[in-house]
Every structure is written in C-alpha cells, then in structure tokens.
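Shown next, in structure tokens, is the structure this report addresses.
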There are 2 protein chains.
Amino acid sequence: MKTLSIICFFILSLTNNIIAQDKEKYPLGDYSELTDTKPHDSNIFWNKQAALPQLKWGSTDIRYSKLNIPVETKGSLWKAKAWKGERINAQAVLWSAKELKDVQISVSELTNGSDIIPTSSITTNFVRYVMTDELNKDKKGGCSHRPNKAEWDSSLVADPLDIVKIRDVQARSTQPIWVNIWVPQNTKTGKYKGTLSVSGTNFSPMKLKIEVEVLNHTLPSPEDWKFHLDLWQNPYAVARYYQVPLWSQKHFEAMRPIMKKLADAGQKVITATIMHKPWNGQTLDLFNSMVTKIKKIDGTWSYDYTVFDKWVDFMMNEIGINQQINCYTLIPWALQFDYYDQATNTIKYINAKPGDKHYSDYWGNFLTDFSRHLRQKGWFEKTTIAMDERALDAMQEALKIIKKADPEFKVSLAGNYHTEIESDLYDYCLAFGHNFPKDTKNSRSQKNKKSTVYTCCTEAIPNVFTFSPPAEATWLGWHVAAGNYDGYLRWAYNSWPEDPLRDSRFHTWAAGDCFLIYPGFRSSIRMERLIEGIQDCEKIWILQKKITNKKQLEKLNKIVSQFTPEGLTQKEVTQMVNEARKVLNSF
Amino acid sequence: MKTLSIICFFILSLTNNIIAQDKEKYPLGDYSELTDTKPHDSNIFWNKQAALPQLKWGSTDIRYSKLNIPVETKGSLWKAKAWKGERINAQAVLWSAKELKDVQISVSELTNGSDIIPTSSITTNFVRYVMTDELNKDKKGGCSHRPNKAEWDSSLVADPLDIVKIRDVQARSTQPIWVNIWVPQNTKTGKYKGTLSVSGTNFSPMKLKIEVEVLNHTLPSPEDWKFHLDLWQNPYAVARYYQVPLWSQKHFEAMRPIMKKLADAGQKVITATIMHKPWNGQTLDLFNSMVTKIKKIDGTWSYDYTVFDKWVDFMMNEIGINQQINCYTLIPWALQFDYYDQATNTIKYINAKPGDKHYSDYWGNFLTDFSRHLRQKGWFEKTTIAMDERALDAMQEALKIIKKADPEFKVSLAGNYHTEIESDLYDYCLAFGHNFPKDTKNSRSQKNKKSTVYTCCTEAIPNVFTFSPPAEATWLGWHVAAGNYDGYLRWAYNSWPEDPLRDSRFHTWAAGDCFLIYPGFRSSIRMERLIEGIQDCEKIWILQKKITNKKQLEKLNKIVSQFTPEGLTQKEVTQMVNEARKVLNSF
C-alpha cells in the first residue's frame, strides 16, 4: 500500500507540474524569489526591533538587503528638486519583525496651493530580489564564461520593480518601495507636498512625506531628447518568455509596454536583424533573420520583408522609436549566412568571409534589393547596415560591398576607433575609453552623424550588472556629456536568461549584463537610474546653451568633466553622481 | 620499425581513400564487385575445362553464377522471333579457366538479302554481379526490416548491365553477355542473320550466330503504348549518388538517360512530391517537397512552384513522359506537413490528420493555389493528387478537402479496392490479388479512368528482387492482360540504397525491391525482362483486336488467362512465360 501511495503521489505531482507548465511556463504575474542563502541578521536581532513595522525613506543608491535590518535609512521626509518634465526617483524601506499581510502602497497628489502634481504622475513599486553573481575573479570586468554557477559567489539583490500591488512581507525582512514621479511639463514652478502611505490588514497605516521643488526649467519629452540612446531590443526573447508565436498579435502585445518603456527612455534606434545569429548565438534567445532569403534553383535570389516591415512599422508607428533602423549585420561573429534553399526545402548556410565571391554574391544581391525596398518604404535615410566589434580589414571589405550595392547606404559600427573608416560611418559608437578627436567629432556633428559610446561586460566600474551600485547607471549619462559623445549604446535591453525574474545570472558574463528590464513588464532599479543619467545629460546640454554667466557655465563644465573613466571605485562613483546632481539642480 | 611501417601504410591508405572519395564518392565508371563468398566450382574442376575460353548462347531466364561453369547453355545459334518495333533479348555466356584480357563484344548488322537491321539497333552489355539477399525466412514475401545484413543469406547475382565496354574476365569465371535488339519499326518481314563476336588480346575471337525472324506485326513506339506504366522516379537519389546539386543542370544531365530509359519502357506518369517525406522516409534518399510552402507571419500562405515546374517540364518536354503527373501526397505515412515558417526562419511541421482543422487549412489553401497554378500551366487535366496505401476513412476526408479546393481535381490511389470511393478515383491501382468488378472496370475504361495493379515487397513470386528469376518480371506484363488491368505500378524505379552497383540490399525489404535500374546509367536483367512483359501485354491487346479467327482468339485468351496469382513456384512462372511467349509469337 505504501508503494502505491508513493506512486499515486508521484503521478499527481507530475500532473500538477504539467498543468502548471501549460498555464504559464515562465512567471508573468506573482512569483516566488529564490532563497537568500547569505548570512543575515539573526532572529534575536530582528526580535529586538520594535514590535511594530517601520517605514523610512532610504536611498536610491542602495540595494537594501532582504533579510537584514536596513542601514542608512533617512527620516520621514523626502525632499527633492525636479525640472518640469523630469522623472525623479526615491526609495522607501519597510521592515518588520512580524509578517505583514496584504501590504499596499498609496500616494496622495502633491499640492502647492491650488497647483498639483496628480497621482497619475507617481508610480510606486515593491522592489523584488533576484539572484546575481559577481565580477570576474580578478575584478577586472565581467566578461567570463560561467557554465558552472556554483563557482561564482551568488547572492540575492534588490533590482526588479514589481507590478504586483498587494504583497505579504515576510517576518524579519525588509521590503523596499520604489517611488517615481514624472513631473508633468506644464507644472508650475514651486514646492509640492504630499504623502506616501503604506497599509496592510494586520498593522496600522504608516505615512512618509514627499516634498518636490519644481524648478523653472523644462526637460523636453523623450522623443525630443538629443541623447542618442541605443539599447538593443531582442523580440525573440519576448516571444519565448511569454510563450507566444513570433510576430503574432500576442507577441506584439507582449512587447508593447516593454518597448514603450524604451521609447520613454529616449531610445532612437530600432534593432533589426538581416541574418540568422548575427552574434553567433551569444544570447539565450537567438536573433534570427527578419528577412526571408530564398535561393531559387536557377541560382537567383528572392527576398521577402514581411517580418522586417512589421517589426519596424510597430516600433516606428506604435511605439514611437522612429529615428534609426540598425540592421545587423554584414560581418557576423561567425561567418555563416543563412538562406532557404528551394531545391532541398531546407535552411542552408554559406560559409564565406568578406572578400570572397560567395560573400559578395550573397550580400551584393541582397543589399541591392534591400535598398530598393527601403527606398520604397521611405526608410532608406533612417537605415544603417550595422556592424559590431569587427576588425578594420573586414569592415573595409564590407564597406566596398555596401557601397557597390548602393553608395548612399548608411553604415554603423560599434567598436574601436579607426581613422581609416571614420568618414564612412554614419553611426560610430566607440568602446568605453575610446574618443573621437575633437575636430572629427565637430565635423561629424555638422554632418549630423552620430558619435556615441558603449559599455558592455568589459567594464568593472561603472556598469549595470545586477550587483552594480545603482548610481553607476546614472554615471553613464554624465560620461556621455563629459566625453563629448552624442549618446550611449548597450548591447542588451532584454536578452533575458532563462528565468530572469528569479535569476539574473547567465552562462556568460556577470549577471544582468544581457538585460536592463524584466518580463511582466517590470522595470528595474538599474533602468530607472540609467534614465536619470540620460535626463542629466540632456539637462547639461540644455544648461550649456542656456547659461550665460561664464562662471556658472565653468562650474557646470567642471563638474561634468570629472566623469571620465579613470580607475574609479564604486564608492567614488556614487559620491560623484550625488555631488554632481546637486550642482546640476542648483542652476 | 615494424610498427612504424604499419602506421605509414595506414596513413597512406587513409589518404588514398580520401582522394578517391573526393574524385568520385560513388562509382559511375568502372568498379570492382564485392567478393562472392559462396561455395563454387573448384580450381581442379575449372582446370579440367578446355584450355581455350568458351562462348555459347545461354538463356535470359538464368542468372549465371560468376564462379561456376555455366549450366544450361545452348548452341552457337540464337533463333528468335520479333515484331517490327519490338525489343528482344538474348544472353550469351563466356567462360574461361584462364584470365581473358581486354574482352570486347561486337555485333554485325543483321541481313536479309539487301534488308538490314543495323548495328545501331543492337545493344550488348557485360552482365555484372551485385550482392543480394533472400525472401523473408518464411518465404512469404520480402517485407521485413533487415538492419543486420549478417542475418540474411547473401550472395552475388547477375543483374546490372554494364556500360563499360572492355573488361578483363578473371580466370575460372563466367562472364554473361546481354544482347538486346530493338527491331526498327520500318524493318521488312523476314529472317535476318548476323553474328555476335567476342575478342580479346590473349585469345582468338569467337563468334555466335543470330537469326531473327521479323513477323508481320508492328509494335507502336513506347509513347503510343496503351499500357499504363507507373514506376516511381526518385530524383533525390540521383542527386545524392552523382553528387550534384539538386535541380542543377548537372542533376538533370545525370537524370536524362535514366528517365529516357523509363520513357522507352512506356512510362506514362511523372512522380512529383508536394510535401516532405510522403512515405515517412522509407527510402534512403528522402523525397522532399517540390513546392515551396511559406507560412507568412500574418498566417497567410505563399507558394512557389519553381522546382515542381522544372521537374515536370523536364520529364514532359525533354524526356517525353507527358501523360500524367501524380503528386504525393495528401495522406502521408506520417501525418506531418512541412512548411517554411517566415517568423522563425525555420522549416516547421504541422501535425494533423485528415478531418482536423489544421489539416484542412494546410491543404485547402495549398490545393486552391495549386489548382490555379496547374490550370495556368495547362497541366491540370494531367495531374492527380496521389495517395498510397491509405485507409478508406482517411481517403474520404482527403477527398472532401480536394473536392472543396477544386471539384475537378483528379485523384489517384494505390491500395486495396474500396467500392465507396472507386468513382472518385481517376487512377486506381489495386494491390496484387485485388480485382475490379468487371462492370466497374468497363465503366472506368469508358470514362478513360486508369485501372492498374501493383506489386511491392509483399509478393514472394512473382517479383523483381535481384534474386528473383528474370522471367518473373516478364510475367507481370502478362498478369496485367490476364487481370483486365490497364497497366502496372511499382513504387520504386530508382530509390537506390547506398551503393547499389555493388550491393542491392537495403535495411528494409528483400534486395532490389527499391530499384530496377543502376547508376551509370545501367539497365538490368530485371528491367529488360519487365519491358518484355510490357511489350507482350501490348502485343496481346493488339492481337485481341486484330485476330478475327475465333479459335485463334480463344487460344490467345486461354494462354493469357493463366497469368493469375495463385500459388506459383519459381519454376512454373518461368515455364509459363516461355510457353506463353511462344504462343504469342505464333500469330
């Protein structure tokens, strides 16, 4: 009988698993976090706390530990300055020795006499915890392969901003609360006051005060920002995570809030792929070709742009990311080019390198037709043939083929600086630490060419790993201003690992390297702080034009000029950002 | 040192192998046969033979053993009767105790006074030896899986007719020689005489006499035969064996003599495939879809017929097989339907059965477009949607979908007899042993519908395995006449195993089941004897119309009526065929 029960139980478990999987393979709604296995404040220590839960303002620079009593909390008043049209962030912390049931957050409208900032401009989120790892063992960046997670020091860190609005807070734990205020552009200058309230079914409501001073400056809407933001989108990851057919209506619906958030961050570029695996499959969800390439049996080629057109059209006209289309790539990380082979009814691959006849045939034919199609759609002027981290000689061969197909094709590269091809590149994004010669940059700006900077796994500090201090994300925007760039590129907005909400680690690179936002759709501390930096850069550029007082301008430029990449510590970065932001808000 | 030599030898061998493979992966020109491991006449016995080589006429009913002194040879005169336009076969045997060098065959023209049958009408071939196996262990057919060749009694048998014209004949071996005379249609009635000569560099030339009596009857050209022959072609096997790109010019050039031979056998049907693996991959070289089916991201379908059109056009206009196009299939052996999925840039499969919505969508859409395309090409009237050995209920569901797409679509089935769907089938090929009711057959003939019979691995006797006695192939044509069928179908004209020239065995079915001809292009004893049977059937039908004398007609019909499938032995089949053919040539 015992054996039988065990078998029955086993069968039931199996059935439950299958049903659960059918319902939702990966969590989109509520979910449980992984276990925090790090040493933390003892029960005794927690129980010494007051019996009642506590709520204080904290710092947006801190990823508060889940099972420790929060350190570095502030009082019950958050005072902030903001431009009209700016988004500002705050973090509150709630902690309790006993479990809190059905916790909810609410905010009042912020008032200044009869003027208000409405509650619809204020977003609050419970901060959630995700598993992260660490820098490379030598602390010199995060670009290592990490097939064995056990070899890496892992811990639970605060990063995702949850969409679930009512939560239980477990006994002896800290629950951070993220607050974002997007000051309407038409708000009048002045001090606005309001409250943040936290309530639940087994404790008395608690309140914190908010005081926002709206300055007499206006930040334009994101679509009008000059900052050239290029975070690469991965539609394939969304289809997999949401378990929806690629390019179906459901897929686009799933992408809509994710891409809208990106548009709100000032994104200018649509990431498109014109071949299978442009980066040789470095992401969990491979980028595939958005163009159908058919080799017919007479050796001629036939192309279809249905997917490409639908994706670009969605991003341009429904999301509002409409300034540039970067098409990856003519020089992929593995020189293998896919096509549908009509003769054999299979997907085949050409192995060829720039300079080979097969390479020229494959790309020459395609680019000629692609140019025709883009011109017909009215997109030609916005499109670049995009390359990532390729060598000079390969770039030169590719440029020949592109220019032969259509001399007016724009080309982009993210990589090192090469004088030889600089003039051929419409959108040239330099690796962190590389600079454009000043004359070159001026000349590029006059021609309206984009000159930007990127970071990836290489940089230990500053970075946007899930374990990076939040201020490092803000630092990046200041670096754009300091380095005389036009904007910033990161290779992965949402190339999620298998289960990103619970585990941000991936089999290569430090955790969080391949995404800035979470499924759900959920934002992150990193993303919000990155937007702060972008806003700061935009504000700097506005002030640099607006300030007429020379001393004032020197003061601004001096503080900006400090944001250079020389050997900073994490602590220095956070301090720099805080001090600089104070100066920025003093104008 | 010894070890080193062995290693060197090994490396050299490897290198040679690689070079040989690069040159020609599978033999097309001359090649070596596998070793005959069966007991055979001893050296002593062979050496008792006359020192000089011997040449005699033999019988086309015998697969002469390679290493035995031939038994059942005839004299030095071959006397035969033939209709004008008929092909007749003879076999000579050459054997020798000593090796014969550079053996060549030549023939004189056949003369009758000043009338001639020119040498261009006479083909001679060295008969070659191929590895075969045997019937199932219970001797009831050959439909077994044979993954382990060692479990099956294997031997070398005479079958391929070589294209190599000068050969050495090894000491103590028999070399059969196949002779085919295609009497020109304009030949005058009368007796024609000539000689067959065999010469070499180390023996005196030898001669055999030929005497062909040309009767006062004319067999039409194969394209005008009424016999509805349907041997399924496998273009994919040709591309693989000849190592040429599918549907390339080289591929068509390789197929040309192979398919021309089929046209000369009176073939009426082009085998076309409209999906991947219609028979779930039963052949070594899988049939793929000759139609490009693209599922676009909006759920609509796009079709391209380039491959289909090129194949059909080649067969119709270059080869002359132009009466019917059978398109496999709506009900494959595994219910899995391929398409190119534009969203994911992959080949995908729909799993659905007749009656399912997915099935109707996939096929309904396609058939509607296919009908449009076929009508545009002027091929609609010649095309059938073809099914093989499917059950009644599945056929009925498929018929619904076909008729819905275009009520005028012709449909074919090779399978058992079902009254319920008989009237829906334009081309109905019954399994051996099944018969059409007489009224039904007459009614079908009046409507010009095709009513044929097929054999496959099921039949032990008669069959066309490489070990089947040659007369069994001829028997099949007589059976068509006896069973009141319109023709004959076999599922495999050239679905070659890996190395068919040397080894006719396959991992399923008795050896030779999946092909009748050899690469090179080379015909076979089986193919030539099958053509004899087809000619005989055609002759019977002509005589049945032509003979006015009632007794004569009864005599003919009586001998024909014996060709029914009841429990024949191999010996009986050969006797029946010989006796019946004598009668046939007596009119």
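Read-outs throughout are calculated quantities, based only on the coordinates presented, and are distinct from any laboratory measurement. A quick note: this is a predicted structure, and the numbers were derived from the prediction, not measured. Here Cβ is always computed from backbone atoms with ideal geometry, including for glycine, and neighbour counts include all displayed protein chains.
Each of the peptides A:324-332, A:145-153, B:361-369, A:554-562 was scored by the mean count of other Cβ atoms within 10 Å over its residues; in descending order, highest first, they stand as A:324-332, B:361-369, A:554-562, A:145-153. On a C-alpha basis, how far is the centre of the stretch A:529-587 from the centre of the stretch B:175-199 in Å? Whole number, if you could? The two parts, judged by their Cα centres, are 103 Å apart.
Cβ-to-Cβ counts within 10 Å put A:Ser96, B:Ser524, B:Ser32 in ascending order as B:Ser32, A:Ser96, B:Ser524, the fewest first.
Seen from B:Glu538, the other residues with C-beta closer than 10 Å to its C-beta sum to a net charge of -1, counting Lys and Arg as +1 and Asp and Glu as -1. The H on the amide N of A:Val411, modeled in the peptide plane, is under 5 Å from the matching H of A:Ile385, A:Tyr426, A:Asp427, each at least 5 residues off or on a different chain. Say the cut-off is 18 Å between C-alpha atoms; which of B:Lys66/B:Lys139; B:Lys81/B:Lys551; B:Lys84/B:Lys191 go over it? Violating the 18 Å Cα-Cα cut-off are B:Lys66/B:Lys139; B:Lys81/B:Lys551.
Distances between copies at A:Leu77, taken between label points 7 Å from Cα along the C-beta direction, are 13.4 nm in increasing order.
Quotient of the Cα radius of gyration of chain B and 2.2 N^0.38 Å, N being its number of residues: 1.03. Ordering A:His40, A:His358 by the number of other Cβ atoms within 10 Å of each residue's own Cβ, fewest first, gives A:His358, A:His40. In order along the stretch B:337-348, phi translates into HN-Hα couplings of 10, 7, 7, 8, 8, 4, 4, 9, 6, 9, 7, 10 Hz, rounded to whole numbers, per the Karplus curve 6.51 cos²θ - 1.76 cosθ + 1.60 with θ = phi - 60° and x for Gly and Pro.
In the protein assembly as shown, what % of DSSP beta bridges are antiparallel (nearest 5)? Percentage antiparallel, nearest 5: 60. The angle between the Cα long axis of helix B:2-23 and the longest principal axis of the Cα atoms of chain B comes to about 60 degrees, rounded to the nearest 10. Taking a straight line from the alpha carbon of A:Lys404, these lysines sit under 25 Å away, with near neighbours fewer than eight places off in the same chain left out: A:Lys277, A:Lys293, A:Lys295, A:Lys296, A:Lys353, A:Lys357, A:Lys377, A:Lys382, A:Lys447, A:Lys449, A:Lys450. For the peptide A:306-315, the mean number of other protein chain Cβ atoms found within 10 angstrom of a residue's Cβ is 2.
Of all DSSP beta bridges confined to the stretch B:315-440, the antiparallel ones make up roughly 30%. Across chain B, the mean sequence separation of Cα contacts (distance under 8 Å, 6 or more residues apart), normalised by length, yields a relative contact order of 16 percent. If you wrap the tightest convex hull around every Cα atom of the stretch A:96-137 and split its volume per residue, you get 198 Å³. For the protein assembly as shown, the dipole from Cβ point charges (+1 on Lys and Arg, -1 on Asp and Glu) about the Cα centre works out to 580 debye, to the nearest 20. Estimated from the Cβ-Cβ distance and a Förster radius of 41 angstrom, the FRET efficiency linking A:Lys25 and A:Glu318 is about 0.95.
Shielding value for A:336-346 is 6, the average number of Cβ atoms from other chains within 10 Å of each residue's Cβ. Of all beta bridges that DSSP places with both ends in chain A, some 60 percent have antiparallel geometry. Here is how far apart the B:Lys377 label points are across copies: 3.3 nm, shortest first, using a point 7 Å from Cα toward Cβ. The other copies place their B:Lys48 label points at 11.5 nm from this one, listed shortest first, where each point is 7 Å from Cα along Cα→Cβ. Listed peptides B:251-263, A:108-120 appear in the order B:251-263, A:108-120 once ranked by packing, highest mean of other Cβ atoms within 10 Å at the front. Going from the fewest other Cβ atoms within 10 Å to the most, the residues B:Arg529, B:Arg87 appear in the order B:Arg87, B:Arg529.
For the stretch A:417-428, backbone phi angles converted through the Karplus equation (6.51, -1.76, 1.60; θ = phi - 60°) give residue-by-residue couplings of 7, 10, 3, 4, 10, 3, 6, 7, 9, 6, 10, 10 Hz, Gly and Pro being listed as x. Nearest-to-axis residue in chain A, judged by Cβ distance to the rotation axis that brings A onto B and given in whole Å, is A:Tyr340, 3. Net charge in the neighbourhood of A:Val560 (other residues with Cβ under 14 Å of its Cβ; Lys, Arg +1, Asp, Glu -1) is +2. If you take all other residues with their beta carbon under 10 Å from the beta carbon of A:Leu208, and give Lys and Arg +1 and Asp and Glu -1, the sum is +4. If the Kirkwood radius is taken over C-alpha pairs of the stretch B:450-587, then at 37 °C and 0.692 mPa s the Stokes-Einstein diffusion coefficient equals 210 µm²/s.
Using Cα atoms only, what is the angle between the long axis of helix B:570-584 and the major principal axis of chain B, expressed in degrees (0 to 90) to the nearest 10? Roughly 90 degrees, rounded to the nearest 10. Put simply, the C-alpha atoms of the stretch A:231-278 give a gyration tensor, and the ellipsoid matching it has half-axes of 18, 16, 8 Å, longest first. Our coupling estimate for the stretch B:441-456, obtained by passing each phi through the Karplus curve with A = 6.51, B = -1.76, C = 1.60 and θ = phi - 60°, is 4, 4, 5, 5, 5, 4, 8, 6, 7, 8, 10, 10, 9, 10, 10, 8 Hz, Gly and Pro reported as x.
Amide H contacts of A:Ser173: A:Ser96, each under 5 Å away and 5 or more positions distant or on a separate chain (H built 1.01 Å from N in the peptide plane; Pro and chain starts excluded). Rounded to the nearest 10 degrees, the inclination of helix A:471-482 to the longest alpha-carbon principal axis of chain A is 50 degrees. Short to long, the 10 Å bins of the Cα pair-distance histogram for the stretch B:25-218 hold 8, 31, 31, 20, 9, 1 percent of all pairs. Extension gain, A:Lys260 to A:Glu151: 0.36 nm times the residue separation minus the Cα-Cα distance gives 35.5 nm.
Taking every Cα-Cα distance in the protein assembly as shown and sorting them into 20 Å bins from zero, the calculated P(r) comes out as 10, 29, 24, 19, 13, 5, 0 percent. Scanning residues 5 or more positions from A:Tyr192 or on other chains, those with amide H under 5 Å from its amide H are A:Val212, A:Glu213, A:Val214, with H placed 1.01 Å from N in the peptide plane. Straight-line reach from B:Lys193: taking Cα to Cα under 12 Å and skipping same-chain neighbours fewer than 8 places apart, the aspartates and glutamates in range are B:Glu109, B:Asp115, B:Glu211, B:Glu213.
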